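Presented below is the structure to which this report refers.
The values are calculated or read from the model by the stated rules, or taken from the named source; none is laboratory data. All figures in this text were calculated on a predicted structure; none of them were measured in a lab. All Cβ positions, even for glycine, are placed from backbone atoms using ideal geometry, and neighbour counts span all protein chains on display.
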Amino acid sequence: MASDEAINRLARQIDAARKSERFMVNPEEVAELRRQGACALHQICVEFVSSLNSKLSQSVVDLSPATYAPEMFRPSDVNLIQISSQGRQMQIMFQATPQLFSMEKFRVPYVLEGEVRTYNQGMLERFEIRSRLLFFCLDEDAAVWRFFDWRGPRTAVVDGDLLASLMGQLF
């Protein structure tokens, strides 16, 4: 008889295949989902920067690009969002997966992949850049940005708390 671990692993694989296979037949739906994912990630950054600037005596946290529209997503190139303050940088790079969806680097099907990198001048002098992997994952009825910290390993939803934690490590 199969062990519970083997059964659980197979059940996860079957669930993941079922979730991702519905996107195999509709590239237009995946393209739209990717544009929505890019806008959702930018909106998380907008809310974080806006909230942080509202608490500061002077607005010193910048977001680039300041606005983002679905047509700004580059499906065949790298997309970049940057948050900066006083020489401290948070760069969020993301791009479409080579296939309509992937499970190559993360166990949940995803259509966008990327990385958030944080650094300051002192870190650059030591050749140190911190990073977390990002994935725009497909779920039963929604899609959500998740990060993966390979050092943990740990994963969670990308939100303002994550950005605050990563930016806070730079000060």
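Number of residues in the stretch 87-99 that are modelled with pLDDT under 90 and either crowded, with 16+ Cβ neighbours inside 10 Å or hydroxyl-bearing (Ser, Thr, Tyr) (or both): the value is 1.
If I ask for residues that are assigned to a helix (DSSP H, G or I) and touching a residue at least 40 places away in the same chain (Cβ under 8 Å), which ones from the stretch 71-92 would you list?
To start, the set of residues in the stretch 71-92 that are assigned to a helix (DSSP H, G or I) comprises 71-72.
Within the stretch 71-92, none qualify.
Okay, residues lined up against (1) at pLDDT 95 or above; (2) farther than 18 Å from Val157 by Cα; (3) among the β-branched types (Val, Ile, Thr):
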| site | (1), (2), (3) |
| --- | --- |
| Ser20 | no, yes, no |
| Val30 | no, yes, yes |
| Arg34 | yes, no, no |
| Cys39 | yes, no, no |
| Gln43 | yes, no, no |
| Glu47 | yes, no, no |
| Tyr68 | yes, yes, no |
| Ile83 | yes, yes, yes |
| Phe101 | no, yes, no |
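Residue by residue, here is whether (1) modelled with pLDDT under 90; (2) in contact with a helix residue (DSSP H, G or I) (Cβ under 6 Å, 6 or more places away or on another chain); (3) within 30 Å of Glu32 (Cβ to Cβ) holds:
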{"site": "Glu113", "(1), (2), (3)": "no, no, yes"}
{"site": "Leu124", "(1), (2), (3)": "yes, no, no"}
{"site": "Glu140", "(1), (2), (3)": "yes, no, yes"}
{"site": "Leu170", "(1), (2), (3)": "yes, no, no"}
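Restricting Asn8, Asn26 to those that are farther than 26 Å from Pro98 by Cα, modelled with pLDDT under 85 and not aliphatic (A, V, I, L, M) reduces the list to Asn8. Per the conditions (1) crowded, with 16+ Cβ neighbours inside 10 Å; (2) closer than 30 Å to Asn26 by Cβ; (3) modelled with pLDDT of 85 or more, the sole criterion not satisfied by Lys105 is (1). The residue pairs whose first member lies in the stretch 105-118 and is under 17 Å from Asn79 (Cβ atoms) and of a type in the set (Lys, Arg), whose second member is in a strand (DSSP E or B) and at pLDDT 95 or above, and whose beta carbons are closer than 6 Å, counting only pairs six or more residues apart or on different chains, are Arg117/Gln91. Of the candidates Asn120, Asn79, the single residue that is over 11 Å from the mean Cα position of the chain (by Cα), surrounded by 11 or more Cβ atoms within 10 Å (Cβ to Cβ), among the polar types (S, T, N, Q) and more than 27 Å from Leu33 (Cα to Cα) is Asn120. Given the criteria at pLDDT below 90 and of a type in the set (D, E, K, R), does Arg146 qualify? Considered against the rule, which asks whether it is at pLDDT below 90 and of a type in the set (D, E, K, R), Arg146 comes out as no. Within the stretch 35-70, the residues that satisfy the criterion of being more than 17 Å from the chain's Cα centre (by Cα), assigned to a helix (DSSP H, G or I) and either in contact (Cβ under 8 Å) with a residue 12 or more places away in the chain or surrounded by 13 or more Cβ atoms within 10 Å (Cβ to Cβ) (or both) are Ser50, Ser51, Leu52, Asn53. Being touching a Leu at 6+ places or on another chain (Cβ under 6 Å) and surrounded by 20 or more Cβ atoms within 10 Å (Cβ to Cβ) narrows it down to one of Val111, Val158, so name that one. The conditions single out Val111.
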